[in-house]
Amino acid sequence: MAPLLELRNLTKRFGGLIAVNNVNLSVDKGSITSVIGPNGAGKTTIFNTITGIYKPDVGHVLFDGQDISGKRPDQITAIGMCRTFQNIRLFHNMTVLENVMVGAHTQTKSTIVGAMLRTRAFKEAEEEARQESIRLLRFVGLPAGLGDQIAKNLPYGQQRRIEIARALASKPKLILLDEPTAGMNPQETDAAVRLFRKLRDELGITVVLIEHDMKVVMGISEYITVIDYGQKIAEGTADEVRRNQRVIEAYLGRSAALETAEGADNR
């Protein structure tokens, strides 16, 4: 079976700096895959290039059998890929429900004329988007009645869930999560991990995440790719990666790797 997402010799330069250097990566449909590495290794640049924020200088991005290299972010979202960001990007002065409906609008078929004239078709599409957004807020575990609250007034962990609900509203086949547990306490992190599994197990969405919390990475990932200085230095299962000498030296450090291995074995 062909991978759902594939990077072939992906390279991205910024002037004389090679941020991503000849990276090959394959993500199977229905998997949970992590991309890890030190700060500044090029992980977010890879996400930005996959999702159309940057255009690759060399190489190709293939998604669900299509070469999407150089497509705009909205075009990539329309064919079934969405993402969240390291820094939460909600519309802070909009309500929770309105934020999620922004994602739902990428799938509605109402026209500008319909919106201006408030046609029956437009009203029906808006109500459908509203109901779907309410369902998604429940799915990500937010309390009932939260939809009318202003997004910026909510706790950090709940804002993360709103962002995921908004991404899900675009009906993705694959979701890219950029440091989704950053800033969370242990209880919020555990709940987030359960949600990531739920995305795959109940919605059939393939999950790719950038994550620095090694307990999260080792506990949830079926496959891990390790990036350092813009290059792939290792890949494999959690067991293979945490015992890889290059990973230990470049990222984890020997003692941290051993602690992570012990922690994962005790989960």
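All of the numbers you see were taken from the coordinates with simple rules; none came from a lab. For clarity, every value in this text was computed on a predicted model and none was experimentally measured.
Listed by chain and number, the lysines whose alpha-carbon sits under 26 Å from that of K171, ignoring those within fewer than 8 places in the same chain, are K29, K43, K55, K71, K109, K123, K152, K198.
What the phi angles of segment 188-204 give under the Karplus curve with 6.51, -1.76 and 1.60, with θ = phi - 60°, is a coupling list of 5, 5, 4, 5, 5, 4, 4, 5, 4, 5, 5, 4, 6, 6, 9, 9, x Hz, glycine and proline written as x.
Separation of segment 37-89 from segment 161-223 is 17 Å, based on Cα centroids.
Here the relative contact order of the chain, from alpha carbon pairs under 8 Å that lie six or more residues apart, stands at 24 percent. Solvent-free Debye calculation, one equal scatterer per alpha-carbon of the chain: log10 I(q)/I(0) at 0.07, 0.11, 0.16 Å⁻¹ equals -0.26, -0.64, -1.25.
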